[in-house]
Amino acid sequence: MWVSEWSEEKNLEVFGKCANVNWHGHNYKLHVTIKGKPDPMTGFIMNAKELSRIINRAVIDKLDHKNLNLDVDFIPKSIQPTTENLVYLIWNELEPHLPEKALHRIQLWETDTIYAEYFGSN
C-alpha cells in the first residue's frame, strides 16, 4: 500500500512491510455466512453448490490473481484495497446475487491471525 501524498518515511511508519509504491499481495481466505430458515425438504438455507458458484462468479473470479489497485472493477481507484475495505466491497458485490437478507457475514482472512469481518449495514 502506498499514499503518494506522503513521504516514504510516513508510508513505512503507517504500512510497515506492506508499504510498497508498486503494491503488494496476499493469499486471502474468504468466508461467507448466510442465514435463514432451512427448507423443510432439503434442510438447506441455500444449496452449497449454488452458493459456491455465486461466490466464484461474483467475487473470486474478479479478484483472484489480480492487482487490486488496478484490475478489479468493483474496487474504486480512490480507496486503499485494505482487508477492511474489501469485506465491505465484497458484501456489496455478493449481496444482490443472494436471496433477500440471506447474507449474514463476510470474513476475509489476510493472514492466519489477521482478518476483517462485516455484517452489513443493518
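The values are calculated or read from the model by the stated rules, or taken from the named source; none is laboratory data. Fair warning: this is a prediction, and the values are worked out from it, not measured in the lab. Cβ: placed from backbone, ideal geometry, glycine included. Neighbour counts: every protein chain shown.
Can you tell me which of G36, G16 is under 25 Å from T113 (Cα atoms), over 17 Å from the mean Cα position of the chain (by Cα) and of a type outside the set (A, V, I, L, M, F, W, C)?
Result: G16 is the single residue among G36, G16 that is under 25 Å from T113 (Cα atoms), over 17 Å from the mean Cα position of the chain (by Cα) and of a type outside the set (A, V, I, L, M, F, W, C).
Based on what the data block shows, is L108 touching a Ser or Thr at 6+ places or on another chain (Cβ under 6 Å) and aliphatic (A, V, I, L, M)?
Numbers: touching a Ser or Thr at 6+ places or on another chain (Cβ under 6 Å): yes; aliphatic (A, V, I, L, M): yes.
Answer is yes for this residue.
What number of residues within the stretch 83-101 are assigned to a loop (DSSP other than H, G, I, E, B) and either of a type in the set (D, E, K, R) or crowded, with 16+ Cβ neighbours inside 10 Å (or both)?
Matching residues across the stretch 83-101 total 3.
Within the set of pairs 6 or more residues apart or between chains, which connect a residue that is at negative phi and in a helix (DSSP H, G or I) inside the stretch 48-69 to a residue that is hydroxyl-bearing (S, T, Y) and modelled with pLDDT of 90 or more with Cβ atoms less than 9 Å apart?
L63/Y28
Scan the stretch 74-122 for residues that are of a type in the set (A, V, I, L, M) and free of Cβ contacts under 8 Å to residues at least 60 places away in the same chain and jot them down.
Residues satisfying the conditions are I75, I79, L86, V87, L89, I114, A116.
Could you check how many residues of the stretch 31-47 are of a type outside the set (G, A, S) and without any contact (Cβ under 8 Å) to a residue 24 or more places away in the chain?
Going through the stretch 31-47 one residue at a time, the tally reaches 8.
For the stretch 40-57, enumerate the residues that are surrounded by fewer than 11 Cβ atoms within 10 Å (Cβ to Cβ) and closer than 19 Å to E93 by Cα.
Those that are surrounded by fewer than 11 Cβ atoms within 10 Å (Cβ to Cβ) and closer than 19 Å to E93 by Cα: A48, K49.
Tell me, please, whether a residue that is within 19 Å of I106 (Cα to Cα), part of a helix (DSSP H, G or I) and not polar (S, T, N, Q) can be found in the stretch 27-39.
no
Quick test of your reading of the structure: N20 fulfils all but one of (1) assigned to a loop (DSSP other than H, G, I, E, B); (2) out of contact with any helix residue (DSSP H, G or I) (no Cβ under 9 Å at 6 or more places or on another chain); (3) polar (S, T, N, Q). Name the failing condition by number.
Only one criterion is unmet by N20, namely (2).
So how many residues does the stretch 1-17 have that are within 22 Å of N67 (Cα to Cα), in a loop (DSSP other than H, G, I, E, B) and not acidic (D, E)?
Total meeting the criteria: 5.
Checking M1 against (1) closer than 19 Å to S121 by Cα; (2) in contact with a helix residue (DSSP H, G or I) (Cβ under 6 Å, 6 or more places away or on another chain), which single condition isn't satisfied?
Answer for M1: the failing condition is (1).
Whether any residue in the stretch 12-30 is surrounded by fewer than 16 Cβ atoms within 10 Å (Cβ to Cβ) and modelled with pLDDT of 95 or more is what I want to check.
yes
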